[in-house]
């Protein structure tokens, strides 16, 4: 067999990395693109408020169900076919959503789209398959940066491209643009991504889902990390969901100010994940940086109610995003260190499913707390994240024993 030239291999490797980043970007872009559309999209179907809320939650519900499934299936048949097929399904779902005839069909399509987008564990599994252990946190951080950029641009793309005055047809453009992006990403998978898994006979069969869940629950590192992912996501997504209402009630902020605050937070978090997280993790260790990130998140959440509506509020929101961006990639890196090659995708899938569940339940809890007292979501969030510091330290001790 003819060996490829080093420069060709390098270009293919870079193309694979950027293609994988595009998968994460499109997943969260699809989650966010519908946020500014929902009130108008629902009104075009004469939908009740609870039906609009159901449409919003459907994506995360689908992701919660599918993350462990796709991860386990990729452990069996390989990463590349699962990535390609889920991206094709995502492409189809966005296209179908643009032409949904009623609110219930829209819900089913959105649920299916969330299931197709539950391929984050496959992307993470691929990264862990081909990356030396000491570099995994840095590459996971890049995936997180792509996630943050998609979170910023999703609502922007949806808001700018939508034309609510045209009725249901006014929502075709942003959804079809996202469908086209998913198609381009699928083509990138075919062109640049090589299979990272060895033949199944060489590594054996992955655990059953129930057996994998039991392993996670009993493991001194996996259990704390998955629980931490849920707790922090529960608090952070809850605060995100009510931030606009909170800022309007406290400081009479308008949507433009809320958007600017989220934009600043993303601009702070994304470069940090690209440039600093991997370096800090290699120098100080994944578990330590995970704990530090959690501590900073608690501090920012606890101080936010005392902000003045000016740069303090912007700064504390950015600090929350910054600390989370330092912390979260280390969770996947820690898991990948102790998970066998045979079950990597499935275990990472359970961790991502915990994050998806937090996106469903966190906003509900935050809205209840907001109804009791305007600053309730921040105090609730800080109280939930604080024990996660101990979980990070416990995971660190388990990692040192396993080393």
Considering only the stretch 296-304, I want to know if a residue exists there that is in contact with a helix residue (DSSP H, G or I) (Cβ under 9 Å, 6 or more places away or on another chain), within 16 Å of residue 382 (Cβ to Cβ), part of a loop (DSSP other than H, G, I, E, B) and without any contact (Cβ under 8 Å) to a residue 24 or more places away in the chain. no
Okay, helices (runs of 4 or more DSSP H) sitting entirely in the stretch 11-112 with 1 or more residues that are in contact with a helix residue (DSSP H, G or I) (Cβ under 6 Å, 6 or more places away or on another chain), farther than 22 Å from residue 158 by Cα and not assigned by TED's automatic domain parsing to the domain that holds residue 367, I get 49-77, 79-98
Of (1) modelled with pLDDT under 90; (2) surrounded by fewer than 24 Cβ atoms within 10 Å (Cβ to Cβ), residue 137 satisfies every one except (2)
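Which residue, of 243, 234, is over 30 Å from residue 347 (Cβ atoms) and touching a helix residue (DSSP H, G or I) at 6+ places or on another chain (Cβ under 9 Å)?
Working: 234 fails: over 30 Å from residue 347 (Cβ atoms).
So the residue among 243, 234 that is over 30 Å from residue 347 (Cβ atoms) and touching a helix residue (DSSP H, G or I) at 6+ places or on another chain (Cβ under 9 Å) is 243.
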- Query: Is one or more of the residues making up the stretch 244-251 modelled with pLDDT under 90, buried (at least 19 other Cβ atoms within 10 Å of the Cβ), under 20 Å from the mean Cα position of the chain (by Cα) and not assigned by TED's automatic domain parsing to the domain that holds residue 142?
  - Reply: no
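The values are calculated or read from the model by the stated rules, or taken from the named source; none is laboratory data. Predicted model, so just to flag it, every value in this text is computed and none were measured. Ideal geometry is used to build each Cβ from the backbone, glycine not excepted, and the neighbour counts take in all protein chains shown.
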